[in-house]
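Here's the structure, in structure tokens; my notes come after.
The values are calculated or read from the model by the stated rules, or taken from the named source; none is laboratory data. For clarity, every value in this text was computed on a predicted model and none was experimentally measured. Cβ sites come from the backbone with ideal geometry, for glycine too, and all protein chains shown count toward neighbours.
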Amino acid sequence: STVAPPALPPYFIKGSIIQLADGELKRVEDLKTEDFIQSAEISSELKIDSSTVERIEGSHTSPNFAVVQFSVGEHRAQVSVEVLVEYPFFVFGQGWSSCCPDRTTQLLELPCTKLSVGDVCISLTLKNLK
Amino acid sequence: VPVFPWHSLVPFLAPTQSD
């Protein structure tokens, strides 16, 4: 039996308008590492963590999915996420990357490189609230 | 035209506190 893959969020489609924390508007394909860093600095609740890709493997449930294992933050906590193979992550200093960049470009028109073990992705955690 | 907040594009990876 075939199951229709879930739709990707609309904001990854090329041309989508993204609002940074200072109010500036940019297209998703024009975002730079600094945009995320500066937005997180302004944010009172969110902070950026470095998440290093430790492993990428196919999902057991569907060929449309991959399981990406990250080492998150200075404590290197292990976090695994199951995502569509075309789901883009933002790699520090590099830009959008996915497990299957051809599919990302085909479906979203978002310029994308191949996500690889050792890549350092931008992720978010909560700032310590007191 | 919809406008999306920057943080919706970033995965929220919250490590569980082990200490």
Taking region A:48-65 as the search range and keeping residues that are touching a Ser or Thr at 6+ places or on another chain (Cβ under 6 Å) and under 12 Å from A:SER123 (Cα atoms), which one is surrounded by the most Cβ atoms within 10 Å (Cβ to Cβ)? A:SER51
Region A:11-39, residues that are touching a strand residue (DSSP E or B) at 6+ places or on another chain (Cβ under 8 Å) and either of a type in the set (S, T, N, Q) or at pLDDT below 95 (or both): A:SER16, A:GLN19, A:THR33
Tally time: how many residues in region A:73-118 are of a type outside the set (A, V, I, L, M, F, W, C) and more than 13 Å from chain B (Cβ to nearest Cβ)? 15
Restricting the first residue to region A:111-129 and requiring it to be closer than 18 Å to A:ALA66 by Cβ, which pairs with a second residue that is of a type in the set (Val, Ile, Thr) and part of a loop (DSSP other than H, G, I, E, B) meet a Cβ separation below 7 Å and a spacing of at least six or different chains? A:SER123/B:VAL10
Matching residues in region A:66-78 - criterion: being surrounded by fewer than 19 Cβ atoms within 10 Å (Cβ to Cβ) and either at positive phi or touching a strand residue (DSSP E or B) at 6+ places or on another chain (Cβ under 9 Å) (or both): A:VAL67, A:GLN69, A:SER71, A:GLU74, A:ARG76, A:ALA77, A:GLN78
